[in-house]
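S.K.: Just passing along the structure, written as structure tokens.
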Amino acid sequence: MEDNILSTTEQLSPNNQPPELPTSKLIEQEEEIFHHVNNPVAGLKPIVKKYLGAPNHVEQHGNRFYFTDGEAKVEVIVVTDEIIRIRMAPHGVFLEEFSYAVPKLEAKVSVFHLYDDPEEYRITTNTVNCHISKKDFFISFSDRQNHVTSSDAVPMHWEENVQFGGYYVYGTKVCHTEEAFYGLGDKPTDLNLRGKRLVNWNTDAYSFGWNQDPIYRSIPFYISLNEGIAHGIFFDNTFKSHFDFGAEDRDKTSFWADGGELQYYYIHGPHMMDVVKRYHVLTGTHPMPPLWALGYHQCRWSYYPESKVRKVTTGFRENKIPCDGIYLDIDYMDGYRCFTWNRKYFPEPKKMIKELAAQGFKTVVIIDPGIRVDDNYAIFREGKKNRYFCRRSDDYFMEGHVWPGRCQFPDFTNPEVRTWWGTLFDELVQMGVAGVWNDMNEPAVFGAGTFPDDVRHQYDGFRGSHRKAHNVYGMQMVRATYEGLRKLMKNKRPFTITRAGYSGVQRYSSVWTGDNVASWEHLRLGNLQCQRLSMSGIPFCGTDIGGFSGEPDGELFTRWIQMGTFSPFMRAHSAGDTKEREPWSFGEPFTAINRKFIELRYKLLPYLYSTFWEHHRYGFPILRPVVMQEQDEINNQARQDEFTYGDKILVCPVMEPGQQSRRVYLPKGNWFYYWDNTLVEGGCEIDVATPLETIPVFVKAGSVLPEYPVMQYVGEKEIEEVRLNVYYSDTPVNSFFFEDYGETFAYEQDIYSEKKFVVSGKENLLTLQQTMEGLYTPRYENYCFHVAGLPFKPTKIIADGKPVTDFIYTEGNVLEFKLTKNFKQIEIA
Ligand code: GLC
């Protein structure tokens, strides 16, 4: 298969363990006393860090290479031409291969070679070289032009963990003077993580503040950008993990964990977008959500009793503000017992959900992991009988207080427990519940914060303590929910949302950023967090619009709605002790502006849905920070407010009170101001007026933006025609338009329609071409074109060889005409 220069005939042993290699004495390069704040044994005994010595042997087994210094072993796997995995076993014995993040490590490589040079071993693929220095076991990576993208600053190292067994494992890379770092999930801080030291340990962080760390999620994946060239490091380790981006030593970037293996993927760029896409090759993408889930969601802790829910839903319809999702927070339950109903507040939930559905509302209910200890409660009895709840090291149950009082907690790392949990949604699904909100799954415990370290987990057969399972607990909870719903809802797409997560959680759920605050600072933070989540492999994300705790005034709420219109997930939520917080609660002019933006969300639904498809199919993020547009512009490393929504719409939210205008950077190329089609040349900063009614939104020249008519909810009416906003460009630009049934998995059988448009202008001619793929045919017949930015006055339209005579050219210089959706080519002259 592979064209290998050094090859052996040996195969991997059946359990995938590398063969034994000759041992010699471990070379201890250096010993040092290591003061480690989190190290429980620090006070007892000096800790000795051990480093890899010089490698003296290599063996190859297919795409796996094993290097040793005589005792420790390092495994290098060529996963694809651009992805290489490194793993280290301090005493030569690797752990069994298992990852919740990377469900299937599929090697997709064509050709690779191992070279044995006097100074180094080198593994090369079509795009990457992995160098293993013979002198000191430094590992580095370079591209085909021999440009070094990443290199060790010290060899991989470790410390024995006397208390728990295993090792603290460390990797340290060279940090370059101007290197910038992105990713790591939901960290509430600046986009560029340079100079920061951060921890991953899922934490319930009510009213978290700027720079607070850690908070809800653990995504141990970062993107480095140095001299315009990007690469990624995904440190797939579920223990508490730490990252230092030049904080302790400005010349070093380190990542380490309190257990497990030093196992990381080097992900080649050179574009940041390549890195994100390849990270998704490993960890998967988000499934297509139901189309309604891209609409507006209204939530509160809590809407109860039923009359209150109805007042809110009726309020939307009366105020003509579109809304699809309505949420029931913990008070719908009986004493906060999951999978029960408080019949006093909700006497006939099935009837209510049905009637809400008839008005276009999809009901989403909250579920927490804590199960009340109560022998009169069937779910508790079942869990107890089947030993589904987590236990402490000495076999006591893991008990802690959450909303229902004393609780025990399912071990979601046990596949049998996940299956059981999935079945528990049966009644809710029968009642018509459309989505499930998974909360408190860090896991959160009142007082203690979370579980003690000694709690045991089944971990899909690779047993471990809470130290290993903590960061994946929430992800496995929402996985159980999602997989259960998927079975119960037959071919319908479930909608799930989760607070906690680990890399790969995007295969099962959307996320929100947790309990934020109604403040301008949090609006800004939410912007950064959503951009960061998007770059970190979590595309379907949003904030609690308006801020969970505290009181926003009308201006702050409206500015948040405006930003939220361009969040992949758009939900307003508020804590129970705050004033009413619906989009009409602040009176005029706020209500009208909120309506205008929520309507815009619905108009742009087909665009967002197409962008989601590009994520699902190709691994593109939905939000893309400006630095991803022009990564070689050093100034962009500091620009963090702006992002594109998909690749066509640039958004610059207003995040300060009373701001009447703001500075916007437009990346190079031509842009059209969305609100009036003014053409602006990019590559510079401009001032844009920002009265309360508006925020800066620009569309890239050459785009084709599909728009639906405003609807009060998805599916309210049959779509009779789709508007296509076409923006002139003199260089060819592609746009995608994806449609399908919007609620089934038929797209997995190619029942969808993916249209590609190419706009290209030349002198006095604009050409628009359309190609189609897929087996779905939308029911509407026509497109209604709005062509903006023509540099000439149009007099002639030819569609597939035939003239179109019925058109108007408006005073605002927009050419409008209708045409069958099946056209192949239009020429406008
Ligand atoms: C947690 C959630 C919040 C929810 C509340 C009550 O604080 O983060 O969104 O409303 O619990 O369930």
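Throughout, read-outs are computed from the coordinates displayed, never taken from laboratory work. Since we're looking at a predicted model, the values are computed, not measured. Backbone-built Cβ (ideal geometry, glycine too); neighbour counts: all protein chains shown.
S.K.: Taking amide hydrogens as modeled 1.01 Å from N in the peptide plane, which residues meet the under 5 Å criterion relative to residue 570, leaving out close sequence neighbours?
M.R.: Amide H to amide H, under 5 Å and 5 or more residues apart or across chains, residue 570 pairs with 297.
S.K.: Quick one: if you take sqrt(5λ) for each eigenvalue of the C-alpha gyration tensor of segment 623-698, what semi-axes come out, biggest first, whole angstrom? Spell out each step's value before the answer.
M.R.: Details: eigenvalues 73, 42, 25 Å².
Semi-axis lengths for segment 623-698 are 19, 14, 11 Å.
S.K.: Mind checking segment 749-829 for GluC sites (Glu not before Pro) that DSSP puts in a loop (not H, G, I, E or B) and that have at most 14 other Cβ atoms within 10 Å? List each step's numbers first, then the result.
M.R.: On the way: sites: 754, 763, 773, 781, 811, 816, 827; in loops: 763, 781, 811.
Passing both the DSSP loop test and the Cβ count: 763, 781, 811.
S.K.: Which of the chymotrypsin sites (Phe, Trp or Tyr not before Pro) across segment 310-408 are loop residues per DSSP, with 13 or fewer other Cβ within 10 Å? Can you show the working numbers first?
M.R.: Details: sites: 316, 327, 332, 336, 339, 341, 345, 361, 377, 380, 388, 389, 396, 397; in loops: 336, 339, 341, 345, 361, 377, 388, 396.
Answer by residue number: 396.
S.K.: Step through the residues of segment 230-245 one at a time and calculate ³J(HN,Hα) from phi using the Karplus curve (6.51 cos²θ - 1.76 cosθ + 1.60, θ = phi - 60°), rounding each to whole Hz and writing x for Gly and Pro.
M.R.: Once rounded to whole Hz, the list reads 10, 9, x, 10, 10, 8, 7, 9, 8, 5, 4, 10, 10, 10, 10, 9.
S.K.: Okay, moving on. Taking θ = phi - 60°, what integer Hz values does the Karplus form 6.51 cos²θ - 1.76 cosθ + 1.60 yield along segment 436-453, in sequence order, with x for Gly and Pro?
M.R.: 10, 9, 9, 10, 6, 9, 5, x, 9, 9, 4, x, 5, x, 8, 6, x, 4
S.K.: Let me ask something else. When 584, 210 are ordered from fewest to most other Cβ atoms inside 10 Å of their Cβ, what list results? It would help to have the intermediate numbers written out before the result.
M.R.: Working: 584 18, 210 12.
Listed from fewest to most nearby Cβ atoms, that is 210, 584.
S.K.: Between the alpha-carbon centers of segment 405-461 and segment 560-578, tell me the distance in whole angstrom.
M.R.: Rounded to whole Å, the Cα centres lie 26 Å apart.
S.K.: Then there is this: So what's the gap between the Cα centers of segment 246-273 and segment 631-708, to the nearest angstrom?
M.R.: Comparing the Cα centres of segment 246-273 and segment 631-708, I get a distance of 33 Å.
S.K.: Right, another one. Under 5 Å between amide H atoms, partner at least 5 residues away or on a different chain: which partners does residue 548 have, H built in plane at 1.01 Å?
M.R.: Under 5 Å from the amide H of residue 548 lie the amide H atoms of 516, 517, 518, each far enough along the sequence or on another chain.
S.K.: Within a 10 angstrom radius of the beta carbon, how do 431, 88 rank from fewest other beta carbons to most? Kindly include the intermediate steps, with their values, before the conclusion.
M.R.: Values: 431 17, 88 25.
Ascending number of Cβ neighbours within 10 Å: 431, 88.
S.K.: Can you give the Rg/Rh ratio of the chain, where Rg is from the C-alpha atoms and Rh is the Kirkwood radius?
M.R.: Numbers: Rg = 27.6 Å, Rh = 28.2 Å.
Rg divided by Rh gives 0.98.
S.K.: Right, next: Hey, could you get me the Stokes-Einstein D for segment 718-828, Kirkwood radius over alpha-carbon pairs, 25 °C and 0.890 mPa s, rounded to whole µm² s⁻¹?
M.R.: 165
S.K.: Taking segment 73-152, which trypsin sites (Lys or Arg not before Pro) meet the DSSP loop condition and have no more than 10 other C-beta atoms within 10 Å? Walk me through the numbers on the way to the answer.
M.R.: Working: sites: 73, 85, 87, 104, 108, 122, 134, 135, 144; in loops: 104, 134, 135, 144.
Counting only loop positions with at most 10 other Cβ atoms within 10 Å, the trypsin sites (Lys or Arg not before Pro) in segment 73-152 are 104, 135.
S.K.: How big is the antiparallel share of DSSP beta bridges in the chain, given as a percent to the nearest 5?
M.R.: Given both bridge residues lie in the chain, the antiparallel proportion sits at roughly 80 percent.
S.K.: How much length would be gained if the chain were fully extended between residue 798 and residue 162, taking 0.36 nm per residue of separation minus their Cα-Cα distance, in nm to one decimal? Please report the intermediate quantities before stating the final value.
M.R.: On the way: separation 636, 0.36 × 636 = 228.96 nm, distance 7.79 nm.
Net length gain for the segment: 221.2 nm.
S.K.: With a cut-off of 8 Å between alpha carbons and a minimum separation of six or more residues, what is the relative contact order of the chain in percent?
M.R.: 9
S.K.: Relative to the present Cα-Cα distance, how much length would full extension add between residue 350 and residue 113 at 0.36 nm per residue of separation? Walk me through the numbers on the way to the answer.
M.R.: Working: separation 237, 0.36 × 237 = 85.32 nm, distance 6.25 nm.
That pair, residue 350 and residue 113, stretches by 79.1 nm at full extension.
S.K.: Here is a follow-up. So how do 131, 57, 786 line up by other beta-carbon neighbours within 10 Å, fewest first? Spell out each step's value before the answer.
M.R.: Working: 131 22, 57 14, 786 19.
Ranked by crowding around the Cβ, least crowded first: 57, 786, 131.
S.K.: Oh, and also: For segment 156-196, compute Rg over Rh where Rg is the Cα radius of gyration and Rh is the Kirkwood radius from the inverse mean 1/r over Cα pairs.
M.R.: On the way: Rg = 14.8 Å, Rh = 13.0 Å.
Reported Rg/Rh, Kirkwood definition of Rh: 1.14.
S.K.: Here's something else I'd like to know. Can you compute 3J(HN,Hα) from phi for each residue in segment 504-511, using the Karplus curve 6.51 cos²θ - 1.76 cosθ + 1.60 with θ = phi - 60°, rounded to whole Hz and x for Gly and Pro?
M.R.: So the J values, rounded to whole Hz, are x, 4, 5, 6, 10, 6, 8, 9.
S.K.: Where does segment 27-283 land on Rg/Rh, using Cα atoms and the Kirkwood Rh? Intermediate values should be presented prior to the final figure.
M.R.: Values: Rg = 17.6 Å, Rh = 18.7 Å.
With Rh from the inverse mean 1/r over Cα pairs, Rg/Rh is 0.94.
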